[in-house]
Amino acid sequence: MTIETVINVDLDGPRINRHVYGHFAEHLGRGIYGGFYVGEDSDVPNVGGIRLDVVEALRDLNIPNLRWPGGCFADEYHWRDGIGPKDRRPTMVNTHWGGVEENNHFGTHEFMALCELLGAEPYISGNVGSGTVREMSEWVEYLTRDGDSPMARLRKAHGRDQPWQVRFWGLGNEAWGCGGNMTAEHYGQEARRYGTYCRDYGDNRLYKIAAGANADDYAWTETLMKQVGHLGCQRVRSTAYHALSVHYYTITGPTWEEKGSATVFDTGEYYTTMAAAAGVEQVLAGHAAVMDCYDPNRTVGLVLDEWGTWFDVARGTHPGFLFQQNTLRDALVASVHFDIFHRHADRLVMANIAQTVNVLQAMILTDPDSQAMVLTPTYHVFWMNRDHQDATSLRVDHRTAPPTRPVGDTTLTTVSMSASRKDGRLLVSLSNLDAAKAAEVEIDLRGGGVERVDALILTAAALPDHNTPQAPSVVAPRRYDGVSVTGDRLRVHLPAASFVTVSGALTRPA
Ligand code: AHR
C-alpha cells in the first residue's frame, strides 16, 4: 500500500524556532567533566580545558542554545563558587548525581566560553530551590551589566570587561520535585518574585522561563498561566515570566527500577519505546490547549527543556551518572520528536534534549579511558534535520492514512513525517517505525515542484545497532537513492526502521 500525502509547498505556516534543536548540559556524571571539559592540562586538544573535538562536532549541528548547569543540580548550585582562580574555588557535594565532589572548575566563565566556541546562546537555570532572589539577581547583573556596579566590577576583576548577552533564564527546575517540592501555587508566587528581580540591563532583554510541569500535569500549567501577569507598583500588567517549561522523558520499562536496557531489547520493547516517544504529542497539545485558554494570542512560550530516552545505566557504570548507549531506536525516538515539534511550532519555542554528552540520550559519547569520541545515531538525526531550524513549517496531510499498530492501550502510527521550507528549498523528514516492513510514500507537492533532490538515510541491520570507538559508523547517514521525482510527485521508499530526509530546490508550478 502506498501512503498518499499532500504538501502545499507555497502556503504559510508557523516558523520552526531554531531553539527546538536546543541542548542541555548538567553537572551530572561525565556530562561536563570528561565530556565537555577536560581541564587545561589534559592531553586531549582543548581551549581553556574545553574539548575541541566535541566543540567541532557540535558546531556541525548548528546548536542554537545550551542549557546549564542543571537539571536538579541547578537548584543546589551557587554560582559564586564557580568564579575566580580555580584553586580557590570551594568544593561541594553533588547530592543528586552520585554524591560526588564537584570542584567547581567549570563555572560561569567556562560555560560562557563554551557557548562562544559552539556559537550557541546560553540558557542558564537559576537556583530557586536552595538559593535566594538576591543570588539570582546578582548572577544576571554579573553576566549582563555594563558600567560600574558591584557585580560588573566583580566580573571585570575576574578578567571579563564586556558584559555577555544572556537572554534565556530558567527560574529554577522541576519545582514540583528536586527543585523544592513546591505546590504549583507556591512556585507561581516564587517565580513571580524571582522574575521581578531578574532585570534587563542595557540591551539584554531577558526571556524568563518558569519551571513547568512534569509530563501531563496540566493543572500545574494552568496555575502558572493564571499567575503569569502581575501588577507592579505602577499597577501595570507586566510579565513575570515569558514561557513555561515542561519535561517529558521516553521511558520504556514498567517501573523506575526497570526502565529497560538501552541496547538489549526485543521488538515488543522497541514498540513500547516508540509509543512512549510519540506520546509527547499529546502532552504538548494538552499544555498548548491550557495555555490557549489564558493566552489565545500565544505570547507565552512553551519550552520542552528536557526530553529524550531514559534507560537503565550501562552495566558497570556509576548508577548516579546516567550513562547509556544510543542505538538506532534512539535515533527514531529523536526523529519522531522533531516531527511533533515541527507540528507544534505555533506554541513550542524551545526544546532541549537531555543531555548532550555522556548522559541519557546523548549526541556524543566519550570513552573514559581512551578519551575517544563517538557520534551517536541521535547526533545524526540532529544533523540530517538541521535545515528545519528557522524554516516555515508545512502541513503534511495524508490522503491514505499511514499504517498503525496497537501498542499496549495506545495505537502507534508507524510512518511519521514533517516538512519545511527555507531559502527556496524544501526539506521533508520521514521515519518508518515498523521494525520489519518497508513503506511507500507518494507526496503530491502542490503550489510548486522540486528539483535537484538529495536524500539521506539513517538505518542499520538491527535496531540495537550502535556506534563505538572501534566501530564508529555502524549507524551513520548515507546517500540514498530510494527517492524519485515525477512531475510534482515525490516517491519515497522507506525501508523498515529507517529515517530519511529529502531536500531539493523548490520550483514554481508549471
Ligand atoms: O536530566 C536528568 C534529570 O532529569 C534532571 O536533572 C532533572 O531535571 C530531571 O528529573
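The values are calculated or read from the model by the stated rules, or taken from the named source; none is laboratory data. The structure presented is a predicted model; accordingly, all values stated were derived computationally and were not measured. With ideal geometry, Cβ positions are generated from the backbone for all residues, glycine too; neighbour counts draw on all protein chains shown. Note: accessible area is taken over every heavy atom of the protein model, side chains too, but ligands, DNA and RNA are not part of it. Shrake-Rupley method; radii C 1.70, N 1.55, O 1.52, S 1.80 Å.
One table, with the values for the structure above:
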| item | result |
| --- | --- |
| Charge dipole of the range 18-390 about the Cα centre (unit charges at C-beta), most positive-ward option of Ser125, Val280, Asn352 | Ser125 |
| Proximal lysines to Lys86, defined as alpha-carbon separation beneath 28 angstrom and excluding residues fewer than eight positions away on the same chain | Lys156 |
| Residue-count net charge about Val492 - beta-carbon cut-off 13 Å; Lys, Arg +1, Asp, Glu -1 | -4 |
| Stokes-Einstein D in µm²/s, Kirkwood radius over Cα pairs - the range 18-390 at 20 °C with 1.002 mPa s viscosity | 103 µm²/s |
| Cα-based reach from Lys226 at 18 Å (exclusive), listing aspartates and glutamates while leaving out same-chain residues under 8 positions away | Glu185, Glu190, Asp216, Asp217, Asp292, Asp295 |
| Assigned charges on the beta-carbon of Lys, Arg, Asp, Glu; the range 18-390 dipole about Cα centre (debye) | 1180 debye |
| For the chain, accessible area per residue (1.4 Å probe, heavy atoms of protein chains only), Å² | 39 Å² |
| Anchor Lys422: aspartates and glutamates whose Cα lies under 12 Å away (excluding residues fewer than 8 positions away in-chain) | Asp10, Asp12, Asp387, Asp390 |
